[in-house]
Structures are given as structure tokens and as C-alpha cells.
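Quick notes on the structure that follows.
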């Protein structure tokens, strides 16, 4: 029955019938308490549910939870030990057999993150967008690292062909045109032209720009009675605004497009200003045709009077964005102070990407209905803040000696030539039109500094150029290059059938007259879509050095090994403990390990779902549109985890830490003083701060809410499962979902009273709910609250305006009750107290983190028979207080990692 | 034209499973249609497989925020039901649709993520080890797809990441979001050079796939049984894609249909949800009229939609936030505005399809339209008591099928009825228990 048992055995585990008859039959035979029927429980290990049931039986018996304390018949300790030992041996034997035959992990393909990184590293195209071309990965054990979840379909195959072709052509583009490093300086006054006065579709006063000189207004320039720019004041002239762009999707553009992919240094000069109120209420046009004229309403205190400007009273954070074909991504932040200063960032841009800048703190004018009512939330009786920007300077592409290494891999030293019109064949490359950028130092042509927004993006400067690669001896060059390519791309030695197979692709294409370049790309596409590249190849048992290298790189870089790691593997030394340790350190210290942090937290903490909900415009319009807050919240979590890893900080910091990462916006959100500026930096928290650790981070609190309401159950469940590692089963199907009441008559806690009062609910909810109740002190974006926000017609709303310029509609209603009780009976009054209680035993937190890391690193969960090994990992990490880096290192040196 | 299955079909009845057959023969997939491999089709189905048979179609629409149940569901059951405020807007077509209450997909829960299970009925879509199964339209596409230029069309409004169409290997087919792009694919002729280039491209694709399939077979010999399954899936997907490329290749030679309507305009803003929806409805009608496809899905990604622009009305909140009305009057009123638009556009679609005649029947009579949602009440994320409208296709309509609101009747039963109407001899789909009780074919 034990070792050597056939997996199709249907008999129960030895001794179980007697044991169950004697000690379990009262509840688990006819009554099937808790859904568990032990009356005829056979052992069919092929059936996952059956196996899981036996594991549960073992766990509850070993923990002494079953039979319950007040049961009539409880087994003597010796009998219990014998039985649990029998169960454990049976389960372990089955798993060992599977491990020996198949390994712990099922063979898998690279997930879409890994495939993107692998292509980027192979072809040296760090800007290439590959991940978005591939279908979403499935999820198993909460990650996208297991073969069970990583399917292949015809859609996937088609996307591999497209993605590989695209990435290779990016590498060719990078080598085709290498303009010299140039400096372009664009003055704001040139970029905007003379558009200070309202136009037909830009009549909202707060959206208008205005001229500023030395922190003061220029009414004559603004009215058009004086020239927009003059040589004497050129270097000091600026353009100002009191609002941010109305939509996240559009920013003010500078008319610069990156001529080729590469690194660019961007400098922006400007300062903050203060603008008086009493500006014109509204412009609109009346009349038609020749009689069309602007009329305006009376001055309003919260509208800017752009003819009265003063030096700024505070700093303004400014965001820099890169944009291409409608997609925007943030690339940097800087602070404008009342005195003019230059902020500088270095970014990686794709060819054709444009640069845009925008204030991050100012409001976004959102009209309500058709009569354009909005109020600047930052306006006071004395005026409002604004910013003034002077010029943008871009230097690049910066010299990069590796930029052609992708091309070299594909075509060696063979030259490229542009094909003339009418010449057939060749490969189309994307190229930026030569006159899409302003000439050095001069004014722009087309409207560049225009309002962006959905549907209003400028024409793309990208066009196609067709190139051919010149080879004097095509068949020989093809074979030589292909051999080398496969050698580099595959993570194992090449074999002749592979070479011939892909060379055959080249020959077929070349004979059809497609030209050398296209024919080579066809062969290469085959390689990059083939199982040899796409699948992670491992044999059951101890991994050989090459497989170990791949696993290590996929773990710590989320990518394929670099040449140094491969060299170690080729020399057969990687499995040696000192070498493995050295390489682990090298990979962790490399900036590429940030990919591990981001991919791991994307799945462990669901950070990739941060945009799945947005704050309600009715209740939370102070958060709605606050993109910088969300970005800071994400960065906080990623930087925090990266630091735990870098400095080998104890795993218990996950529950509570004395530091975190903040910028001014996030610190303000948390109510932590003394943090100024837009850049994220490490901050030591005040002594009795409720922040610190993951549970109270804005990102986690946002992810565990839905933009409108919070749920203690959802938050509690998320925390207990993801952080504490306690599994709970889903609710029974007969439970009706709760309909939250945002009118504020009843709190969510009151609505969930059944969880306490009903014993069958309480069995799970007493474990899940407590952290959720403690976190009721935090709203949908993670800010502290003493009272719930509610909306009701007959209650006066809170005074104030949101980032959309609309009045608050909410009022503060019922008070938050965040007290609770842990399953062991210890009670807490608030989140600080529950953190202290949870910190009393750091082992479950460390154990859970280790479990998550094992799935990420090996593609297989910690199974029953792996538990002993996991405990050894923890034991070895104990001397370093379960430091996160130590856990990673111990996992790498474990049997779990070094075997399939 | 070759009659091949575009994807593996493990038919559990007497016909030979394709894979076993292949292994025995040891040959590649490009075999002519073999009698032994044809699953048992009903007589009607065989008719519809011949080129001149009159087609039947399906259009599956999921509004992933649903509608206000208090204004949608009618009172009274059977033919004499009293129309609800929403159904009154469809009054002109009362005899052409059936409204169904008390239905849901068994064990499909999890709130918003359940939209991807709408046409698959795969259980627990929000769980971390969820594997989706084949969707109704792909099931149909596998069997009828070769008869049209496009085996299916997967469309969406505002939803690039949410798809109703899932292949048999549990992978989503990304939806087309731009009606103008779809129109071009359907009707824009390529020049001879474009056609030749396209054929060349397809042939190149197939040769690449041949090479990698070869390698996967070699690798499969070196791995254990469990791992072999993953490589087998890879191999199958490669062959699947090869078939599709082959079929596309055959279609390249045929001229595309000529239509007299103009291409739809680009609608860039997600706020123009209703315009986009209308454009998709128009496109679906055109696609059916020209027999460009027989299975269309349309995901209305209301969850991912910002504030909707409605002429003459004021909408103040994004669609998703509106659906969490928390019983506030203002939000409920705005939701009503949006829901009524859904009903009006649907009514127009039914009218448009009715006005096209096809051999003595209307296009509506030959097209099954399912309009529903994965959420019965978005405010509570409830996935039971789904609002369901089923129109056209050749059924006896004009009734309210009222099932048990406390113990829901399985919605997949409707899918079985639909498959049988298409001409397939099916009596099961996912968690169905039979055909839909009370729904009769004409």
C-alpha cells in the first residue's frame, strides 16, 4: 500500500477505516459535517481533490483541531501519531514517485514578461514593446510561472511570429540610422505661438496659458499688443498655467520626437508662480460668421487673473511623459521652486516618441453638465498656485556602443542599404521623418504646444524605409550567422537537425526572391517561436548546469541568462555552491533584478491590477484623476520590497516596518510631515506611525477596495491569504452577496454581523475578517479615516472641491469601528495593535513569503512532501532573522530549486 | 474546399478522435475530409454544410455591467407577461424575442471577472487557477467556420482585454475594438500585388510553423508523459494555426463582397460608447448579410468605460462607478438613461435584421441573438438572476420564461438549444442539463 503502490489504487489508506469509524463517524459519515464525507474515503491520488482531502485530514489531526476538544472519543496520542504517520508516508510516497518520474514542475513556456525580457536582452532593444503583443497568461498558485497556467494556442503562435519579427526589426532600426548626439532647445514661447486668448473650443479660463516674465505678468504680450518674444528677454521668458491637463491621456507637447530609439537627457527649466484671482468667469462666443464675437461673464474670485502674477508660494511637482501613437507613459518627475531651476532626467525613448510635460498637483478642469461649472480646489481668496515653464532641452541620442549589438547578432558585419522606390524585396523599418523636429534653436512650424487628449494626438512622424542587407556569399553567410544565432538564443548546445531545419527556411525564402534580409528574418523568426527558445527545458532529477542557469536567471532577472552566467554553466561549475552563491549575488546586485521585484509583486500583491478600479467621482473626487498619487503608491511598494531584498531586512517588515518610501504627495496622503519634492525617497517613519509594512500601503488598500466602498472581508481575506498564508475556502453557494449601502445608514460592519453570530460562518470568518476590520480605518485609496464617507440628498456635503473641480458630494457619516479579535482570542483596538499582535510570531510571515518565492522560482508550489525542505530553508534563514535576501539565497541553494 | 477542423475536437461519441487517428497514420494534417472523422450531425446540419444551404448564425452580446433588474424583468410569466419599463422599448418586436429570468451559469461567480465565462460557463472564473473552456461561438466556428471567410468575429466596445471568445485550449481571442478596421478586413479588396504578397506571407508563415512543429515532435520524445502534454498542446496549436493560414489562403483568391454602405467612421473616444455600440451592431448585420461569418461575439466592456456621453443628458460618473449606485437616486436615474439606450439600440438592430429578407424568411429569423450580462446586479456583484434576452433564430418567442429566482435554472441549457438550432446534434454544453425548457424551435 505504501511505497511502490500503483497510482490507480482505490483502497483507502491503511487503518483509516478503523480510525474514522472510531473517532470521526459521528460527524463525518452521515452528517458530512463541513462538507467532509469520510464514510467511504478511498485513496485515489491521481484525483487532486482526493489528495487535498487527505492532506486536510492530516493537517487537522496533526494540529489537534480534530477531533474537536469536546468530542466523546478522542484517540490516544500514540494511536494518533501512528495514523498520521501512515497518512503522511502514503502521501509522501505518491509525491516522490511523481517527482522522480516527472519532477515537481511541469514543463512550461516562458510567460509574456519573460519572453519580452528575453527578446530585449538578446537583441539589445530595451524599448521594444513585446509583452502587449502576447495574450494574457493564465495564473496558477497565484503566479504566471507554472506550466499548468501557461497554455499555447494558435493565437499565441501567431503572436510569437509577429512579436519576434517586430523585435528584430527594432534591432535593425537601431543600427540603420545613428544620428550624432544633438542638442535641441525648444522655448516655450515658440512652442505655444500666440495662443493666450480663448479659442472656440478652448474657452475654459483655467485652461488658458499666459506669458510670464521674472515671475510677473505681461499684460501687453497677452493681449497681443507686444511681441511674444524678444532677444533681450528670451532666456527669461516663460509660459504659465494654473491647471493640469484635463485628461490623463493628454499632455502639453513640445513638438520633439525622438529621431531614433536610444537614451536621451532631458532638461526642463521653470518655476512656480502665484496668480491672483478675480479672473474672467467665462468666455463664450455669440453670433455667426462675421459677427462672431467673444463675450464674457463677470470676474470670479477663483478664476485666474493672468494679468496679475507673483512669485510662487510653494513648490510644484512636474511630470515628464513619453508618448507614441496615443499611448502615454510617465518617465520622470521634477520639482519647480519659486526660483527658476533646471530639472534633469535621462530616459530611454523609442523611435518617434514625443516628450510632454505637465503639472501633477494642479486640478483638471472637468465640467459638470453643460454649463461649465467648476472650482479650482487650490484657489483661495488671495489667489491660486501655478507654474511657468521656460524651455525644454533634449540631448541625444546619447552615445551607446552597444546599440548595434542586436544587429551584429543578426547580420554580423554585413552592411545595410536603403532600397530605392521600385526596388522589390527588403525589410520595412520604422523611421522618423527627418523634418519632424524643430531645427536647432529655431521656432517650430506646426502647432506643437497644443492641447492633447483622446482623439487629438498629433500626426505620427513615423514612416517606413525599406532596407536590404548586402551579402556577397549568401548561403555561407546564412549558415554562419544562423549557427551563431541559434547558439546564442538556445540555452543548450545546438544540434545539426535544428540548424538544417531553420536553414531550410532561409533557403526556401531566398529562392523565392525575398532577398537576404527577409530570408534571414524568416529563419530567425522560426528560432524565436520554436520550443527550443520558448520552452524551459528541464529533465527530472537534479538540474544540469544549463538548466540551473536558466532557472536562476528566470528567478532573479525574469529573463534568460546573460553570457557570463552561461559561461559558468558551459564550464560545468555553476552547481558548485560557491559559484552558485557568487552568481546569485551578481544577479541580485544587477539593476535587472528590479524586474524580479516588479514581476513578483505584480502577482504576489496583485499590483498589476492597480487600475482595475478607479475612485468614485461622487464620493472620492479628491482622488479621482490623481494619477501621481497612484504612481507614488505603486512605487512605494516596489521600492520597499526591493529594499527588503537589497539590505536583507527581516521578513517581519512585511507586517510592520519603521521605514517606507514616500514623496511629497504620498506623505501628504498619509499625514506624514517633513517630506518635500516629487522624487521617491526612503523615509524613517515617526515612532508610533500606523504606516509601515505592506498592509497599510495605499497600493494594497486601493487594490483591496473597489473605488467606492471597502470590504473588511475582501481586505481581511487578502491579507490572511497573501501575507499570513492562511488558506480559507470559498463561501458556500447559498450565501447572498452583500449590497453595500453608501447612503451611510448602516456600516459594512453592521451588515456583516452574521459572520460573528452564525457558527458555521464564524469558522472561516473569524480567521479572515480581523485584519479587514482593522483596516476599516483606511478608505479606498488608503487614507486614514475616522468616519465613513456617505452620500444622501438631505445631508449637507463636506465643503471643498475635488481634483476634477467639482464640489464634494459626500459628508462624513458613521464612525469607523476598527477593533476586533484574533482567532486565538487576543483583541486589538486598531491597526497598530493588530500589527503588534501579528509581529509576535514572525515565522508564518516568513514561511508564507518563502512559499510564494518557491512558486515564482520553480513553477511548482510547496507540496506535501516539500514541506520538510521548506522548514529547513526557514531554519537556515533563522539566524539572519528570516532576511528576505537570505530567503532567496537559501531557496537557490535548496533541493527544491536545484531539481526539476 | 478542404473540410478540416481548425482546432482539435475530441468528440466523445463514436467517431474517431482525431489525434489517435493521426498518430496511427503518422502523416501531417493536410488530409482531405474523411468520412470516418465526421461526428454525427443531424440531417439539417448536413444540409447547412453544403455551400448553397441557407445559413444560420449567432450573435452573442454581453453587457458586463448588466441593467437595472428592477426595471428590466417583467411581471407575469408565459405569453401574457406584462412588459417592464425597459421591455416596453422593445414592444414592436415582442413576438420576436423571449425574456428569461431566474437563470445563471452554475458556479460562475466572482463578480466582474465572470464576464469571460459568459459564453463558456466555465466555473469560478475569479479563482487563481482558473482555466477557461471553449466559448459557444468558437464551438460553432470550429464546425462551420470553413464555410465563410471568417470563422468568427470577436468584437468589443471599449474592451481590448475582455473577450467573450475562447478557444478550446482556454485562450482568449483578442476582440476587435475598431469598427472601421473590421469593415476594411471584411470588404476592402486587396490589389493583385497585395493579394500575392498576402499569399506569400501566409505560405512563409506555414513553412515556419512546419519547422517548429517538427522540432516539437522531436522534443516530445525526450520528455516524460506529463511534460509531453505541454509540447503536444504546442504542436496542436501550430497545426491549428497552419490550418487557419491555409484557409485564409484559399479565401485570398476569392473576391470580397461588395457593399454599398460607407465604412464606419473612426470613433476615438471611449466616452462615445453608444456610437460605438451602434457601429458594431451595423457591422454585425453587414457581416451576416454578406455571409462573411456566422458567429459573432460582442463584449460591451461597460466596466472599463469612463463617463458616457449621451446627447441631451447629463452623466456624471464613470459607468462602473454608476453601477455601484448604493441606492442613490441620482445614480439610479443615470443608469436608467444608459440602460434605455441599450434597449433602443437593440430594438433598432432587431428591426434592421427583420427588414432584410433571405429566401422567404427574414435575416432575424435565421440569426440567434443573445443579449445578456454576467452580472444580475452590478451593485452587489451578484452573478445570479442574469437579465437575458434571446431573439430571432427561428424559435417561438413572445414569452417570458420565468425560472426559479432562488434556485436558478442553468443558462447553458439555452446554449444547447442554440447549438441544436445551428444544426448540431448536441445535447450538452459545459454545465447544461438539457435544452432550455419552454423554448421551442419553429
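Read-outs throughout are calculated quantities, based only on the coordinates presented, and are distinct from any laboratory measurement. From a predicted model like this one, the values you see are computed outputs, not experimental measurements. Quick reminder, even Gly has a Cβ in these numbers, built from the backbone with ideal geometry, and neighbours come from all protein chains shown.
Tabulated data for the structure shown
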{"quantity": "Distance histogram for the range B:159-254 (every C-alpha pair counted, 10 angstrom bins, percent rounded to whole numbers)", "calculated": "14, 31, 35, 16, 5"}
{"quantity": "Candidates B:340, B:142, B:330, ranked by Gaussian network fluctuation over chain B, Cα under 10 Å, top entry", "calculated": "B:330"}
{"quantity": "Shielding by other protein chains, A:136-144, mean Cβ within 10 Å", "calculated": "3"}
{"quantity": "Mean residue ellipticity (222 nm) of chain A, computed from DSSP H runs ≥ 4 via -39,500 (n - 2.57), nearest 500", "calculated": "-10500 deg cm²/dmol"}
{"quantity": "Share antiparallel - DSSP beta bridges, the protein assembly as shown, percent rounded to 5", "calculated": "80 percent"}
{"quantity": "Helix-only mean residue ellipticity at 222 nm for chain B, each DSSP H run of n ≥ 4 adding -39500 (n - 2.57), per residue, nearest 500", "calculated": "-11500 deg cm²/dmol"}
{"quantity": "Relative packing of A:158-168, A:22-32, which averages over residues the other C-beta atoms within 10 Å, highest first", "calculated": "A:158-168, A:22-32"}
{"quantity": "Radius of gyration and maximum dimension Dmax of the range A:555-685, Cα, Å", "calculated": "18.8, 64"}
{"quantity": "Selected from B:272, B:138, B:215 as most flexible by GNM, with chain B as the system and alpha-carbon contacts under 10 Å", "calculated": "B:215"}
{"quantity": "Per-selection Kirkwood Rh - the range B:299-422 (Cα, Å, 1 d.p.)", "calculated": "16.7 Å"}
{"quantity": "For the range A:530-630, alpha-carbon Rg over 2.2 N^0.38 Å", "calculated": "1.55"}
{"quantity": "Overall form of chain B per C-alpha gyration tensor (a/c, 1.5; a/b vs b/c)", "calculated": "prolate"}
{"quantity": "Residue among B:301, B:321, B:158 with the largest mean-square fluctuation in a Gaussian network model of chain B, springs linking Cα atoms under 10 Å", "calculated": "B:321"}
{"quantity": "Residue-averaged beta-carbon neighbours from other chains (10 angstrom radius) around A:537-543", "calculated": "2"}
{"quantity": "Rg to Rh quotient for the range B:327-378, alpha carbon positions, Kirkwood Rh", "calculated": "1.18"}
{"quantity": "Exposure proxy ranking, count of Cβ atoms within 10 Å, fewest first, for A:395, A:334", "calculated": "A:395, A:334"}
{"quantity": "Exposure proxy order (Cβ contacts within 10 Å, fewest to most) of B:358, A:585, A:786", "calculated": "A:786, A:585, B:358"}
{"quantity": "Fewest-first sequence of A:826, A:665 by Cβ atoms within 10 Å of each Cβ", "calculated": "A:826, A:665"}
{"quantity": "Rounded, prolate or oblate (a/c below 1.5 giving rounded, otherwise prolate when a/b exceeds b/c) for the range A:61-153 by Cα gyration tensor", "calculated": "prolate"}
{"quantity": "More than 13 angstrom apart: percent of Cα pairs within the range B:383-442", "calculated": "61 percent"}
{"quantity": "Cα-derived Rg to Rh of the range B:77-168, Kirkwood definition", "calculated": "1.06"}
{"quantity": "Cα gyration tensor category, rounded, prolate or oblate, for chain A with a/c compared to 1.5", "calculated": "oblate"}
{"quantity": "Average other protein chain Cβ within 10 Å of Cβ, residues B:230-237", "calculated": "6"}
